[in-house]
Amino acid sequence: MGRIDVLALGWQEDDMTLGAVKRLRAAERIILRTERCGAADYLRREGIEFETFDALYDLSDDFDELAERVAEALHEAAQAGDVLYGVNDPGDQTAAVLMRLYPDAVSMSGGVSEGSALQIYAGGSFRQVGALDDFTPDASVATLVREIDTPILAGELKLRLSEVYPDETMVVMLMADGKTRRVPLWEMDRQKNYGHTCCALIPAVDDLTQKSRFSFDDLCRIMRRLRAFDGDPWDIEQTHQSLRRYLIEEAYEAAEAIDKDDPDALYDELGDVLLQVVFHAEIGREHGEFDVSDVTTAICRKMIDRHPSVFSGAMGDDSAAWEESKMQEKGQSSHAEALEGIAHSLPALLRASKILSRAAAFGYEPPKTEPADAQLSDATQRFVDRFAKLEQTLEKSGRSPASVTADETAALWKMQSCKND
């Protein structure tokens, strides 16, 4: 078994480093990802034989399949000896798949990226992605997008980026003709000379007030700013205890949005719930108790441990693993302890319902009970209806609730009750 040496060559012949030229001259077998590059012209002129994977493009339905095919073909080629695999950029996806599948057989040599001329515009750290990659835009970090080879692809990229970047964000594009242009995001697909060497640098948007969409990290940044010494006085003075009621209230409001089948209200209310999570995590971080990564780590570990059939390939019913995992996490040795462990801070009816459901999960048949929760809900609604009628009675007489004494209110309430009966 030979070695596979991945070498970044750039798109133009002048992009090749002196070290790359030496390696090409000394290689036993050369395979390029594509012949549409300056390295191919150089090799032909020097009379150096090489192969390409251009034929695999037509055989693959998408770039993911292409990358898999290239990796398999290279691994097979290496069975006969060392192979030098030439790519255009150090961040090439086929090279990444090759490294993932056959890490012990692959080595990587650095080279010039086609977007290297744009890196100065990043103003610091940045990430590189391919225009065809399945990536999630993040306006908090500068992004270099490679291989924007058609106006159609540029248009699709523009639409994806516009979900998190303002339309007027200035993008620096390096076109296939080697010219650099600064254009607003909305003009990304209105340029000339697209090609495999075309790339774009989208700078980070540091000013939160200029963003059109926000990420989880943005919410954490906002909370840190509000809790800073010169932040908002109310947010600064909050504690776990003072926020307790809001966490409960926001959860109930989200539940109400679900009951109303209102998706617009639901995402808004879920945002309020998420704010409470981040709020508590920030307070925990400030006191050295825990931070938001502890929160996300804890729930991720739970989900993995409680779904062994999904993440570990284990056979069996995950519902049983769920309950047993919860007992182990809390150090509970009996089902009775598990029932006792259900939070006492829950409303009485909700706690009763959870206890009965948990007992059923353990194989115990819950006793038949009256639908007390429904009865309480009906009684509460009757109260609201009666209050509305009382208010209407006062309005008809030209009075407001604030102008009525407690005794008058009680008398009117009793009268309204008699009418309803």
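The values are calculated or read from the model by the stated rules, or taken from the named source; none is laboratory data. Just so it is clear, the model here is predicted, and its values are computed rather than measured. Positions of Cβ are backbone-derived with ideal geometry, glycine not excepted, and every protein chain shown enters the neighbour counts. Surface areas here come from the heavy atoms of the whole protein model, side chains and all, with no ligands, DNA or RNA. Shrake-Rupley method; radii C 1.70, N 1.55, O 1.52, S 1.80 Å.
Report, to the nearest whole %, how much of the accessible area of the stretch 1-116 belongs to carbon and sulfur atoms, 1.4 Å probe, protein only.
Working: 2600 of 5600 Å².
For the stretch 1-116, the apolar C and S fraction of the accessible surface comes to 46 percent.
Please report the carbon-and-sulfur percent of the accessible area for the stretch 141-180; probe 1.4 Å, protein heavy atoms only, DNA, RNA and ligands left out.
In the stretch 141-180, the share of accessible area belonging to carbon and sulfur is 57 percent.
Cβ neighbours within 10 Å, averaged per peptide: list 68-74, 92-98, 201-207 in order, most packed at the top.
Numbers: 68-74: 19.4, 92-98: 21.9, 201-207: 17.9.
Peptide ranking by packing, descending: 92-98, 68-74, 201-207.
Answer with a single label: of (i) -0.62, -1.27; (ii) -0.39, -1.30; (iii) -0.35, -1.34, which was calculated as log10 I(q)/I(0) by the Debye sum over Cα atoms at q = 0.07, 0.14 Å⁻¹ from the structure in view?
Only one option fits the structure, namely (i).
Restricting to DSSP H runs of at least four residues, report the calculated mean residue ellipticity at 222 nm for the chain, -39500 (n - 2.57) per run over all residues, nearest 500 deg cm²/dmol.
After summing the helix terms and dividing by residue count, I get -15500 deg cm²/dmol.
Mind telling me which of Asp89, Asp407, Asp217 comes out most flexible in a GNM of the chain, alpha-carbon contacts under 10 Å?
Of Asp89, Asp407, Asp217, the Gaussian network model singles out Asp407 as fluctuating most.
By how many nm would the segment from Met303 to Arg44 grow when fully extended, if each residue of separation counts as 0.36 nm and the alpha-carbon distance is taken off? All intermediate terms of the calculation are to be shown ahead of the outcome.
Details: separation 259, 0.36 × 259 = 93.24 nm, distance 5.53 nm.
Extra length from Met303 to Arg44 when fully extended: 87.7 nm.
Let's test the formula: R0 of 56 Å, r as the Cβ-Cβ distance of Met415 and Asp134. What FRET efficiency results, to the nearest 0.05?
The pair Met415/Asp134 has a calculated efficiency of 0.25.
Per residue, how many Å² of accessible area does the chain show with a 1.4 Å probe?
I get 59 Å² per residue for the chain.
Fully extended, how many nm does the chain gain between Leu350 and Arg25 (0.36 nm per residue separation, minus their Cα-Cα distance)?
Values: separation 325, 0.36 × 325 = 117.00 nm, distance 7.50 nm.
My answer for the length gained is 109.5 nm.
Excluding residues fewer than 8 places away in the same chain, name every one of the lysines whose C-alpha is closer than 22 Å to that of Lys414.
In chain and number order, the partners are Lys389, Lys396.
For the chain, give the share of DSSP beta bridges that are antiparallel, in percent and rounded to the nearest 5; count only bridges with both residues there.
Around 35 percent antiparallel, to the nearest 5.
Of the listed peptides 391-398, 5-12, what is their order by residue-averaged count of other C-beta atoms within 10 Å, with the highest listed first?
5-12, 391-398
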